[in-house]
Amino acid sequence: MQEKYLVFTGRPNAGKSSLVKELTGLNIVTGKHAGTTRKVKKYPLSDGLVFVDLPGLGKMVGVSKQFEEKVNEQIIEFLENNAKDIILAVAVLDISTFLEVTWRLEKKGIMSVDVEMVKFLASNLGEFPLVAANKIDKTNKKELQANLNDFMYRISDGDPTKVKDNVFPISAKKGTGIGELKSVIHTKLVEKGYKTPFKVQSNEK
C-alpha cells in the first residue's frame, strides 16, 4: 500500500513539535532552541497513513549556512515529490511575532517564510492547508488580532474570507484552541477515508 501523509510544517521555534505532542500524544522531541527537528521524521498511524514531522523551514541556530540550506532543500523536495500522497497539511507559525518579523524581513526585501510556505502548500497540494496560529498566549488581544488580520490578508491575496475557516489561533503551551483544531483534522481525515490517528477532545484545557 502506498503511504499517505499527514504533514506538519513551520519555521524553527514556531512550536510545531510541541503542538504535535499535544495533538497526538506522539513522543516528539521538543526543545527551547530553534531547529530541534532537523530531519524528516515519519510516524506510522493507521491504514497506511503516516504522520510526517518536517524540520523547521528557515534560519536554524548552531548550524552552518550550508547545513541550513540542505535542510530547507530537504523540506521542499519532500513536499514537491510527495504532493499527490499528502492527505492533509498543517502549517504552524508563531502568530505573536508575525508583524514584527514580517516587517523586519520586508525591509531587507525578503518575503515572510510563513506566508511563502502556506502559499506553496496551497499551490502544490491543490487545497489550502490548515494553519495553526500558535503562541496566542504571548501577546494581547489587540496585537493578536492585528497579527491575524495581516497574516490572513497576505496568505489570501487580499481576501481573508477565503481562508478564515482554515486558520486556528492556538496556544500549544496552554492547550487553548487545541480541541477545535484536532476536531477539524479528524473530520478532514475521515472525509478522505482515513481513521483518525488520535482521539478527539471535546473539552479544551
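Here are some notes:
- The stretch 113-143, subset closer than 21 Å to LEU23 by Cα and among the basic types (Lys, Arg), residue nearest to the chain's Cα centre (by Cα): LYS135
- Among the residues of the stretch 165-181, those identified as touching a residue at least 40 places away in the same chain (Cβ under 8 Å) and in contact with an Asp or Glu (Cβ under 9 Å, 6 or more places away or on another chain) are ILE170, ALA172, LYS173, GLY175, THR176, GLY177, ILE178.
- The residue pairs whose first member lies in the stretch 1-21 and is part of a loop (DSSP other than H, G, I, E, B), whose second member is β-branched (Val, Ile, Thr) and surrounded by fewer than 24 Cβ atoms within 10 Å (Cβ to Cβ), and whose beta carbons are closer than 8 Å, counting only pairs six or more residues apart or on different chains, are GLU3/VAL50; ARG11/VAL113; PRO12/THR36; PRO12/VAL61.
- Pairing residues of the stretch 118-132 that are in a loop (DSSP other than H, G, I, E, B) with residues that are among the charged types (D, E, K, R), at Cβ distances under 8 Å and at least 6 apart in sequence or on separate chains, gives PHE128/LYS162.
Where a number appears in this text, it was derived from the coordinates with a stated rule and is not lab data. What you see is a predicted model; the values in this text were computed from it and never measured. Please note: Cβ atoms are built from the backbone with ideal geometry, for glycine as well, and neighbour counts cover all protein chains shown.
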